[in-house]
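Each remark here refers to the structure printed beneath this line.
What follows draws every value from the coordinates through simple rules; no lab data is involved. As the structure is a prediction and not an experimental result, all values here were calculated from the model. Glycine gets a Cβ as well: all are built from the backbone with ideal geometry, and neighbour counts include every protein chain shown.
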Amino acid sequence: MKFAPLPIDDVLPQLLAALRQRHCAVLRAPTGAGKTSRVPGAILDAKLAGAGQILLLQPRRLAARAAACRMADERGTPLGEEVGYQVRFEKKSSARTKILVLTEGLLLRKLQDDPLLERVGAVIFDEFHERTLDADLGLAIVRRLQTEVRPDLNLVVMSATLDPAPIAHFLGDCPQIESQGRLYPVAIHYAPQDARDRLPPQVAAGVRRVLAETSGDVLAFLPGVGEIRGTAAELQSLSSEQDIAIMELYGDLPLERQQAVLQPTTRRKVVLATNVAETSITIEGITGVVDSGLARVMAVDPALGLNRLEICRISRASANQRAGRAGRTAPGVCLRLWSEPTHRALAEYDAPEIERVDLAGAILQLLCWGENDVAHFPWFQLPPAVALDRALSSLRQWGAIDGGSLTALGRRMGRLPLQPRIARLWCEGQSLGHLPRIALVAAMLSERDPFVRGDRNAGGNFGDRTNSSARHWSNSDVIDRLAALEDFERAGRRQSDVGLLDVNSAKFVLRARDQLLREERIDAPRAVSSPGEADIDSDEAVRRAILAAFADRAARRRDATGRRAVMVGGRGVQLHPQSAVRDSPLFVCVDLEDVGKSESLVRQASAIEREWLPPETLVSSTDVEYDNQRQRVVAIRRTRYFDLVLDEAATNIPADFDAGPLLAQAASERLDANFFQDEHGLRYLARVRSLAVWMPELGLPNLGGDPTRGLLPAVCRGCRSMDDVRRAPLTPAVRSLLTAQQIQAVAREAPERLSVPSGNQISLQYDAGQSPVLAVRIQEVFGLLQTPRIAGGRVPVIMHLLAPNMRPQQITSDLASFWKNTYAEVRKELRRRYPKHSWPEDPYTAEPQRRPSKK
C-alpha cells in the first residue's frame, strides 16, 4: 500500500514507540494532518493490536462513515472488509474487519456484551476536545480496564485543539506527541449582523462575498438542517449564474450524498454544513469559510427532561478550527458574521457535556457495565454532585435501579439506543403490546421537533382547536401530535389541529421509528404487565407508557375545573389553555416551560388514571402538622404517589405523638413581648435572669436576650394549639433548667416578695439588667431605717415610695437619706393633700400602718 504523504506520517514512529513502551499516548495534530485516517492503520501494520480489533471512536455519525471510507480507500480494501464502521441504525463490517470506526455511544453498548474488551487490541478516541459525555465515560472505563485487567490494551487520545497535559496526566503521565501539520495563512474578516434578521440571507450574502475574494471552494457553517436548507434556497441562482454546485452536509445526510461532498469536482462548490465539518473530516479544495458563529450542542432540555440539541454561540477554539478549514491547501479567507469585540468575549473552549447534560444515560451505561459505586468512579472530570444525584433519582423512579443496583428493567433500558426516559417508555409500550405507535412517540420525543418552529403554535404545539374534530380530543396532547404524524404518513396532510408539520422533519421522525422497530425486532416475545392489559387500546397504551417515562412529572389538579396543578416535587404548573387535558384530575406534564418563579406552563400534557399508578409507588401515612389557619396541631391521613399527594382526610392525632416541636416552631414565628399570658412565670424568668448577672458563682443558665424563645420546647410540651402555648405556665419550664440548689438560691437571693414593717409581703418587680423595684406606701415602711438589699446584700432595691393615691412620691435607693433629708418636705405636701392619713414627724419611731388612719 502506498499513501500520499501527510504531516502525521512524521510522528507515527514516535507514537508507535510510545504505545510499545506505555500502551498509552496523547496525540495533538491540527485538522487535516491525517491523524484520523493514518493512526489506526499504523497501529494495525505494527501489529500492536495483536489479534484484537482496533476501535476508532468518532463523536458523529457522518465523521465515522467518512473516516471509514477514507481509510478503506487509502488502504485499497472494500469498505466493510478490513475497515468498517458502525453508527446508530447502520453497520458495515464483517468478521474480517480489523479497524472498526464507530460513534462513542456504541462503545458503551459494546462494553455490555464484552465488558473487558477481550476482542479489542486498541481504542482510539478521536476529536476528544469535543468532550462529549459518551467520550468522557468511555475513556474512563477503558482506562480503568487498562490499569486493572487489560494492561496490554492500547489507548490513544487524539485532538486538534485540546491541551494534552491533563489527559496525559490522567493516563499515568503518558507521552505527549504533537504533529505540526501544514496550514496556509487565513485572512480573518468580521461582518457583524443584525440579530433580528434571518440567518440564511446573512450567510448567503457572506458566501457571495467570499466567492468573489477566493478562487477555491467555500465552506459555510450553519447551526442546523433548517438553516442549511434556507441558505441553499437563497443561493439557488448561483448554480446557473456561476456554475457552482450548492451541496449540503449534515449528520443525517444519506451516505452517498456525504461521499459526493468529500470527493473532488470539476465545478466550484459551496458546502453548507453543520459543525460536523469542523473536525474529523477534510473537504479538499476549501479556500473560503463563512462562519455563522452558531452551533447546535447537546444540553438538557428542561421542557422535556431530555438531552437535546440547542443553538448556542461557539467558542474561540471552534472559531479557529473553522477558520483553519480555509488554509489547508492554499492561502484562504474566513468571514465571521460577528464583530471583533464579540469574538474576544467568546468562551475560550466549549463547556464539556458532563457540565451541561442530564447524566442518567451515562450512569445507566456505567451500571450496565458492572460498576456499582458510581459516586466514586474515576472520571477524567468529575460530574457535578447535584447532577449525579438527580440522575440516580430519575433511574430509581423509572425502575432502572433498586437500592443502587441495576434491575432487569434497567438492563433492558441500557441496551436500547434511546435516552433512559424514552427507553422506559419503549419498554412499557412493549409490555402493553402496542410497540409500533410507541415507537413513533419515542422517535417524536427523541428527534428534532417535526412541528414548524416559526409557526405561532409551534413549541406550544397547539393549532386552533375551536372547530377540531372529536378524534383530536384524546385527553392527551401527545396522542394528538401522534395523530397528526399518522395523518401526514397516510395522506400527506401537513396542517393539523396541533400545528404545521415540517415535511423533512416529519419524514425523519417516521424513518427513525422504522429504524427503531427494525433494530428491536418487533416480533420478539412480549410480556404483559398484568392481567387485562393485553386488551387495552393503543391510545391507553401510549398514555400508560408516557406515565412510565414521565413518572417524575405526574401532577394533580388543584381543583376540578381549574388549569392549575401541583407536580411531583412540589412544582406548581398550569395547563396551556388549549390543552386536550380538560378535566382529568391527574395528568403527566410532558413539555414544560418556565414562565415564572412559582409556576411552569404545561405545553404538552397527557391524562392518566389513578389505577395505573404502580402500587409500590403509593404510600399512605398519617401526617401530624401545624395548621396555620386553625392555629393548632392536626393529623391528616394522606396517600402519595412519590411525594405527590393524591388524597387526604383529617384523622386523630396518635396518643403518643409529641406536638411540642411543631408548636415551638410555629410559636417562634409569632413570638413578641405580649405572647405569653402567664405573668407570674414571666416574673420568675426575670428573677432568674437578674440573679444570673448579680451572682455569677451560682452558675445559672444564660438565657440570652430573647429568653422565652429558648423556653419554647419545654413550654410547648403537652400542648395541642397555639392558645395552649400562650396560656402555658412558664415557671416549670424555667425551673426545668435549674438544679435544686439553684431553685433554692433564686427563692432566697431574688425573692418574689419582701416583708415591710407593716407586716405586708410586697412584690418585687424585676427587669433584667436593672435593680428590682419595691413599690410600697410610705406609711408601711415607717421604722425601716435602711434600703432593703438582695442577692447576698449586693443589690439595693429601688424603692418607689407611694402616696395614698398609689403613685410614686419619691424614688430612691437610699432610704436613710430620704428620711433624713427629704421626708419633712414630702410630709408637708402630703399632709395637706391627704389629712386623714398618718404623717408623723418622726418616721423612725412611728407605727407603720397597713391601712390608712380613720382620723
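Worth pointing out:
- Cα-based shape type of the stretch 631-741, given that a ≥ b ≥ c are square roots of the gyration tensor eigenvalues and the cut on a/c is 1.5: prolate
- The modelled label-to-label distance between ALA233 and LYS820, using points 7 Å beyond Cα along the C-beta direction, is 11.0 nm.
- Between the stretch 492-521 and the stretch 221-297, the alpha-carbon center distance in angstrom: 25
- Overall, the anisotropy analysis places the stretch 705-855 in the prolate class: the square-rooted eigenvalues a ≥ b ≥ c of its C-alpha gyration tensor yield a/c not less than 1.5, with a/b exceeding b/c.
- Seen against the Cα atoms of the chain and their longest principal axis, helix 679-694 is set at about 90 degrees.
- Extension gain (nm, one decimal) between ALA560 and GLU593, 0.36 nm per residue minus Cα-Cα: 9.6 nm
- At q = 0.08, 0.10 Å⁻¹, base-10 log of I(q)/I(0) for the chain (Debye sum, equal scatterers on each alpha carbon): -0.82, -1.12
- Spacing of the two label points (7 Å from each Cα toward its C-beta) at LEU382 and THR731, in nm: 5.8
- Flagged links, alpha-carbon separation over 28 Å, of LYS47/LYS92; LYS98/LYS507; LYS98/LYS269: LYS98/LYS507; LYS98/LYS269
- Paramagnetic reach from ASN504 in the stretch 254-289 [backbone N under 13 Å; point 7 Å along Cα→Cβ]: 254, 272-274
- For ASP723 and THR622, the FRET efficiency from 1/(1 + (r/R0)^6), where r spans their Cβ atoms and R0 equals 30 Å, is about 0.80.
- Packing around the peptides 263-269, 336-342, taken as the average count of other Cβ atoms within 10 Å per residue, puts them in this order, highest first: 336-342, 263-269.
- Contour excess over end-to-end distance, with Cα ends at THR845 and ARG209 and 0.36 nm allotted per residue: 217.0 nm
- Packing around the peptides 55-66, 582-593, taken as the average count of other Cβ atoms within 10 Å per residue, puts them in this order, highest first: 55-66, 582-593.
- Compared with the dominant Cα axis of the chain, that is its longest principal axis, helix 35-45 is turned about 70°.
- The magnitude of the dipole of the chain, with charges of +1 and -1 set on the Cβ of Lys/Arg and Asp/Glu and taken from the Cα centre, is near 2420 debye.
- Sequence ranges 233-240, 766-773, 293-300, ranked by mean other-Cβ count within 10 angstrom, highest first: 293-300, 766-773, 233-240
- Per residue, the average separation of C-alpha pairs within less than 8 Å and at least 6 apart gives the chain a relative contact order of 7 percent.
- Two-site FRET efficiency, ARG198 against ARG257, from Cβ-Cβ distance with R₀ of 45 Å, rounded to 0.05: 0.95
- When the Cα gyration tensor is reduced to axis lengths a ≥ b ≥ c, the ratio a/c is 1.5 or higher for the stretch 43-121, and with a/b not above b/c it is classed as oblate.
- Principal-axis tilt of helix 420-432 within the chain, Cα atoms, nearest 10 degrees: 80
- Stretchable slack from LEU116 to SER405, in nm (0.36 nm times residue separation minus alpha-carbon distance): 102.0 nm
- FRET efficiency for ALA95 and LYS47, using Cβ-Cβ distance with R0 set to 22 Å, rounded to 0.05: 0.70
- Label positions at GLU829 and ALA655, each projected 7 Å from the Cα along the C-beta direction, are separated by 6.7 nm.
- Helical content alone sets the calculated 222 nm signal of the chain at -10500 deg cm²/dmol, taking -39,500 (n - 2.57) per DSSP H segment of four or more residues and averaging over every residue.
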